[in-house]
1. Within segment 143-153, does at least one residue satisfy the condition of being modelled with pLDDT of 55 or more, on the phi < 0 side of the Ramachandran plot and surrounded by fewer than 16 Cβ atoms within 10 Å (Cβ to Cβ)?
2. Residues in segment 68-125 that are over 30 Å from Ser140 (Cα atoms), modelled with pLDDT of 80 or more and hydroxyl-bearing (Ser, Thr, Tyr): how many?
3. Taking the condition of being charged (D, E, K, R) and closer than 23 Å to Ala109 by Cβ, how many residues in segment 38-66 meet it?
4. Does at least one position in segment 35-55 carry a residue that is under 25 Å from Ala141 (Cβ atoms) and assigned to a loop (DSSP other than H, G, I, E, B)?
Amino acid sequence: MNPKKIMLEEPMYVIFNVALSSSWGSKPPNAGSGGCYGDGSDATTNAICDSFPMYLKIDYIRIYQDKSDGSTMAVGCDPSTHPTKQWIEDNIDSYVDDDNPWTEVSGKAFCDSNEDCTIGTNSSSSITTGTCVNGRCKCSASTWTGPRCTIASSASSDSSSDGLFSSNSYGPPMYVSGVFMAITVLTTFVSVYLSILAARKSDELLLKEIMAKKGAPSSVSLGDSMAKPPKDDYSTNFI
């Protein structure tokens, strides 16, 4: 019995294993007989060898989704039931390396007309978010991003700002954290200073009460009592 078909529900990548062999219909120049360039006299051979190593570039991936009324499939690339964007951001180390850093893409997709570079609408009037310039999409404003200028930058990552005011990370912006840190430090110093004054005033009141009970003048402060020790009336003649 054939297994039940299960739709893909998590982000994934596809590895294309592409190899070249002399037994195939197409083969690299001078395969099995020497170097790629041969004697270097053939311009076509030289052009092919100059293009090595070759890379496979994927323009787009077509995804089929059931949008009928009775469908239970989540529609979109980042549905609420399967937050793909959040998953990738939480596991970004699995998708980037030193040779392939995370890079925001704004336009540059292949196009034939302006309709290939603008957001699609169900109404008769369309919203122009990008234009097709020399076969490549170019976003009309900084508020739209993505290869075909169909993603609002404010809803994607707000990565248009860099440095101190960047919100391309978790938590509040750096300047907000700095303001709160300064307020916390200032409040701490003020609290410590007020505590010292309150403790000193309490000690002075306690000293006044003690001196009042002994019949001494109550105007003596804590500082004066510590600076001037009591003098006893005794004779210094010990002979």
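The values are calculated or read from the model by the stated rules, or taken from the named source; none is laboratory data. Quantities reported herein were computed from a predicted structural model and do not represent experimental measurements. Cβ: placed from backbone, ideal geometry, glycine included. Neighbour counts: every protein chain shown.
1. Yes, segment 143-153 contains a residue that is modelled with pLDDT of 55 or more, on the phi < 0 side of the Ramachandran plot and surrounded by fewer than 16 Cβ atoms within 10 Å (Cβ to Cβ).
2. Total satisfying the criteria: 3.
3. 3
4. Just the residues of segment 35-55 that are under 25 Å from Ala141 (Cβ atoms), to begin with: none.
Within segment 35-55, not a single residue is under 25 Å from Ala141 (Cβ atoms) and assigned to a loop (DSSP other than H, G, I, E, B).
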